[in-house]
Structure formats: structure tokens, C-alpha cells
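The values are calculated or read from the model by the stated rules, or taken from the named source; none is laboratory data. Just so it is clear, the structure is predicted and the values come from calculations on it, not from any experiment. Cβ sites come from the backbone with ideal geometry, for glycine too, and all protein chains shown count toward neighbours.
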Amino acid sequence: MIRYLLNASRPTKRLLTACYDFIAIPTAVYLALALRYGVWNPQISHETAIAVLATTIISLGVFVKIGLYRAVVRFMTGKAFTTLAVGISISGILLTSTSFLAHANLPRSSIIIYFFTAFALLGTPRLFIRSLVSQMSKAQCEPVLIYGAGNQGVALAHALAGSDLYRPCAFIDDDRLKQGTTIHGLRVISKEQIEDLTDHYDISKVLLALGKTSFGQRKNLIESLSSSNLEILTTPAVNDIISGKARIEEVREVEIDDLLGRDCVSPNTELLSNNITDKVVLVTGAGGSIGSELCRQVLIQKPQKLILVELNEYSLYAIEQELQNTVLSLESDTEIVSILGSVQKQNRLETIFKAFNVQTIYHAAAYKHVPMVEHNVVEGVRNNVFGTWYCAEAAISAGVEKFVLVSTDKAVRPTNVMGASKRVAELVLQALNERQNDTLFCMVRFGNVLGSSGSVVPLFRRQINEGGPITVTHPDIIRYFMTIPEASQLVIQAGAMGKGGDVFVLDMGEPVKITALAKKMIRLSGLTEKTDKNPDGDIEIKFTGLRPGEKLYEELLVGDNVAGTEHPRIMTANEVHLSWPATHNFLNRLDKACHDFKVEDVISLLLEAPAAYNKQEGCPDWVMNASKVSR
């Protein structure tokens, strides 16, 4: 019956509601008189009946006029009930007037009682239907807990009340003053009570509504919840909700920076703007993970022009469209220039730098995927070493003021061609810095960034969503992690401190064991690890073995000669390098080996360079090995 009424057409529902009200209004008058006289069967005169009938008919017209029947009962809000109260008040005035005109002589106190009886008879069924429909719809929603009974938690509970996705069952909060109370109709419990509640309501998810909680506090909180086998989701930041970028009910998976618990240090605004504001800035590899974020950070500092150099057409198009939209939103005068091109073409680069009078360059263009470069040695060296050299020579010729190389921790005692090529690129810039005084060169070295192409985090997340297994190369492998925005900001600040030939090293915080990260992501997804001891688990972790050129531990320093800077997260290292004549001779020999495609000679030269390259057994270059087989 209820479902039939709910699924009926709007005119039918309005007619049924009006019919009910036609009966309820006289009944309310009858109850008002019964309460006034203290009897169940008060005497109703002919005049009173006329007054009541007239009041009922006119009241229904008033209800139509004020829009009471336009309100959908199942979604009635406080405003609709206020409208109902206004309508009943007008009905009470009508009852007074009609009884006076009909000489009904109704007691004045019965008019006041009528207001309450009418509101009870007209409002209660509407409230009941709304509550009943809400319960029926919420019964199909997934039960969840909300962690945080503050403003954001209450806002989330309110938003979810109208959602068809989740049904909040309780708040969890660490504040003992809140525990045991009821907020927004939900009980506030402690973490120790979670298990009892999850068993009772069959809850599998916790929504975090933590507001401005620091990453360190988030990490501790998430780790304390990880043993509960609940999937942990987070809600958008309040600022994003206010600005309209996100809605409160748009929950998402816990971000990896929440797991790492690393709080960002506020950037030095002077360092950020020093080489950018009102200057012509160029970013190579502008479509990559780091390059695109550098562009975003640069644009905030309002350069005169921002020039994007990228080899991949779609990547260039995507970042250009994003930045143009940012320019409009910031109401900035910055001109965005998008240029397709390779950093291996020196004449082209020199023409670009001179045409736009480039003052600052952030060189992020590189091949960074370790196994890919191991399989394509010559192209990796060409792009990473000679691309950097040609770009640097073009910068010197064009009179560029500062050139900042985005380097990697894999350049320290490398065990792969990618790391060795990046270390040689550093050596080239150090030698060029001593050869001339017009362009100032410096390099910034850091580890893995979260969310970059090839990052383990999106890989693990996809593998978990597919039901596993999660693939980890080695049980003991350890990596440093940093968010892309933080890394990009630190690159810009480090570049501003460069005095020439500097090797800056970013403080990456504590290293993360990849196996532990995989296990934590499984638990936070509300799943269990499948092991020999737990064969009924959900996700298995498989160890696939180290990939070509991969090592267990990454380092950030070649030696121990390191000093601090004015920024707490940036250090500077004094490392060995070659003179320019020696470097130039080495580059010529390396160029010839690459031109002749002599992969073994290329590797021998990398071993000869002061890069501390520790080559692993064998060479997995695809073309070289295929050529040997074909012979």
C-alpha cells in the first residue's frame, strides 16, 4: 500500500492529501471542543457545523495558494512545516471569523486548542511518511561510521541523510566529553567500541571527517584503525566544499600522503618568486609528472611568460588547457606558450630561448623509468645526458640567467643506466658552470614522488581493485616518497638558492618499506592479506624479483660532505666533478658510441665516468641482444 501511494502520480497524491485534510480539519475542531469541555461528545450546533464546513473549504483553498500541496511529503523540510503552521494559523483565523458570522459562539480558548490539534492531525502523518520513506530508502544504503564528531563530521552526516549511498550509524571521536552523547541523531562512541558496532550493523567502512588535522595525526589515527579490517575513506577538505570544488558526500580512498604522515613545511615565498615573478620561465618535459606540477607552481608566482617544451603532443595539449584555465581563474596576465620539440636539438632550443628571452629554465625532461632505460640504453643516454648538455649549451648561448636540473636519488651510486645517465648529466652541468659565468647552473636531487608515472601507489590500488595479487619486487625493498607539489615547490626554492654548480638534496623524510606499504593499503581497503597462515585472505602479495637495474635502497648523497641551507628541507652537497676539457672529451667519446649504437661501449664509458656506476650482471638492451641472436 505504501509503495503504491509513493509511486502514484503527483495529481493523485495531491488529491489524496487534500481529501485527508478535508477530514482532518473538522476532526481537529471536534477534538478542540472535546478538550475544551472535557467530554468526548461535545454538542455541535447547526451554526457550528456551518462554520466548520466553511472553514474547511476556505482553508483548503488557502493551503493550495500558499503551496502546501506542492511540497513532496517524503522530502518535506523545516520550511514546509513552517508553511503548514502558517496555513493552520490562517485556518484558525478563518474559524473565528466564520463562527462569528454564523453565530456559532465557539469558545475563544477552543480556537487556540484548534491550532495544536490541527497541527497534530495535519503534520504528524506528513512527518510519519517522511520518516517511513527515509527508513525504507536508507535500509538499502551501506552502513558506515563517521570518524570525527566536529563540524565536518556533522556536515557529512547531514549530507548523507539525503544520500542513497551511505547510512551513518554512529560517530567515533577521541574527545571523551563527546563520547556517550548524541549528535544529529547519532551516538558518539570511542575507538574501543568500534568492533561491537561493526558486528551489530555489519559495517565495513569508516569515513574520516577530520578537518584540518595534520598529516602526522592522520597517520597515527589511520594506523590505529588499520587493525579493525574496515575500509577507510576520507571526505573533501572544508575549503574545497565551500569553494564548490567538491561536495561533502564525495568520499574517496585514503591518500598515500595520509599514510606517510609527512607534514609539509610552509614554503618561503621569497624563494618561490625569486626566479619567476615577472620573468620569462621555461619548463622542459612540461607534460610529465614533475614538469606539469612545476608549471602549476610557476604560474602561481605570476611570471611574464611561461613556455612549455614537450615532445609528446597530447601531454603538451593537456597541460596547456589546464594552465590556460588557471590563468583565467587567477585573472593573470601570464602568457602561456606551448612548443613541441625535443631537448636533443640544440639549434632549435637556442632559437626558442633567444626568441622569448628566457631567463629561468627548469629542466625536467628525462627518461626516468629504470627498466625501460635498461632495455633502451642508447636512447636513455641520448635523452638524459645529451638532452641536458644541448639544453645547457643553448641556455649559455641565449644568456639564460639560471638553469635548474631536476635530478634523482638514483644518480647516487647508481646500479642502472638511468641513474648513471642522470649523474653524468649533473657532472656536465657542474663542468659547464666552471667554464663560464653567464648562466648559473644547479641541480636538485630527490627520490620517488607520489602519483607519478610508474609510482607503486596507483599500481597497488589497481591490483587491489582487481582482487590481487599485489606485486612487489623484493620483501626488503625500501624507497623515499614525497608528494609532487611539495617536491616541485622545493625544486623552485632550491633553485633560487643556487650560487653555481650546487647539488641540492631534498629531505625526503623516513624511508618506506614497500612491503609494509602494500600490507597497509590492503588493510585500509577493508581486506585481509592472503598468506600460508591465512589462506582465506583476500589479497596476496607476490614477490617478483628485482627488475633490471633496480636496487634495494636508494641514497641521496654520494659522500658525507653535506651542509644545511636556509630551508629546513633542503641540503646542499659538495661532490667530486670533472673539469670541462675532461668532460668534453668524455662526451665526444660517449656521443660516438651512441651514434654507432655500440651499447657495450656506452656502458663501459658510464663505468669510466666518476659516477660510481655499479653495473649489474648482463645487459638487457633489447636491440643489442636481438642483434646478437640474429647473427
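Of the residues making up the range 605-624, those that are under 17 Å from T583 (Cβ atoms) and surrounded by 14 or more Cβ atoms within 10 Å (Cβ to Cβ) are L605, L606, A609, P610, A611, A612, Y613.
So that you can scan it fast, the table gives a plain yes or no per residue for (1) outside the structural domain of F100 (by TED's automatic domain parsing); (2) modelled with pLDDT of 80 or more; (3) exposed (fewer than 15 other Cβ atoms within 10 Å of the Cβ):
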site	(1), (2), (3)
A28	no, yes, no
N41	no, no, yes
T48	no, no, no
V52	no, no, no
F63	no, no, no
L68	no, no, no
T83	no, no, no
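The residues of the range 99-126 that are assigned to a loop (DSSP other than H, G, I, E, B) and not aliphatic (A, V, I, L, M), listed by number, are H103, N105, P107.
Contact annotation: residue pairs with Cβ atoms under 7 Å, 6 or more positions apart or on different chains, pairing a residue in the range 601-624 that is over 13 Å from R423 (Cα atoms) and at pLDDT below 90 with a partner that is outside any loop (DSSP other than H, G, I, E, B) and among the hydrophobic types (A, V, I, L, M, F, W, C), are K615/I603; K615/L607; C619/V599; C619/I603; D621/V377; D621/V599; M624/V599. Based on what the data block shows, is A365 within 17 Å of T284 (Cβ to Cβ) and more than 34 Å from the chain's Cα centre (by Cα)? Here the answer is no, as A365 does not meet what is asked. Based on this model, can you work out whether V378 counts as in the same structural domain as D591 (by TED's automatic domain parsing), at pLDDT below 95 and within 24 Å of F586 (Cβ to Cβ)? Yes; evaluated as a whole, the condition is true for this residue. Within the option set F116, F100, being modelled with pLDDT of 75 or more and under 30 Å from R14 (Cβ atoms) holds for one residue only, F116. Annotation note: of R435, R462, the sole residue that is surrounded by fewer than 22 Cβ atoms within 10 Å (Cβ to Cβ), within 19 Å of S579 (Cβ to Cβ) and not small (G, A, S) is R435. Mind checking which residues of the range 521-540 are surrounded by fewer than 20 Cβ atoms within 10 Å (Cβ to Cβ) and within 14 Å of F460 (Cβ to Cβ)? The answer is L527, E529, D538, E540. Regarding the range 566-583, can at least one residue be identified that is surrounded by 12 or more Cβ atoms within 10 Å (Cβ to Cβ), acidic (D, E), modelled with pLDDT under 90 and more than 26 Å from M443 (Cα to Cα)? No. Going by the conditions given, is S190 surrounded by 13 or more Cβ atoms within 10 Å (Cβ to Cβ), among the small types (G, A, S) and either at pLDDT below 75 or closer than 25 Å to G537 by Cα (or both)? Considered against the rule, which asks whether it is surrounded by 13 or more Cβ atoms within 10 Å (Cβ to Cβ), among the small types (G, A, S) and either at pLDDT below 75 or closer than 25 Å to G537 by Cα (or both), S190 comes out as no. Among the residues of the range 390-407, just one is closer than 13 Å to M443 by Cβ and surrounded by fewer than 24 Cβ atoms within 10 Å (Cβ to Cβ), namely K402.
A single entry from I300, I307 fulfils the requirement of being out of contact with any His (no Cβ under 8 Å at 6 or more places or on another chain), modelled with pLDDT of 95 or more, within 26 Å of A494 (Cβ to Cβ) and surrounded by 14 or more Cβ atoms within 10 Å (Cβ to Cβ): I307. Only residues that are surrounded by fewer than 17 Cβ atoms within 10 Å (Cβ to Cβ) and among the hydrophobic types (A, V, I, L, M, F, W, C) were counted in the range 97-116, giving 4. Counting only strands (runs of 3 or more DSSP E) that sit wholly inside the range 410-516, those with at least 1 residues that are within 29 Å of I396 (Cα to Cα) and either in contact with an Asp or Glu (Cβ under 9 Å, 6 or more places away or on another chain) or at pLDDT below 85 (or both) are 440-445, 502-506. Just so you know, in the range 310-346 the residues that are small (G, A, S) and either modelled with pLDDT of 95 or more or within 23 Å of N383 (Cα to Cα) (or both) include one that is surrounded by the most Cβ atoms within 10 Å (Cβ to Cβ), and it is S338.
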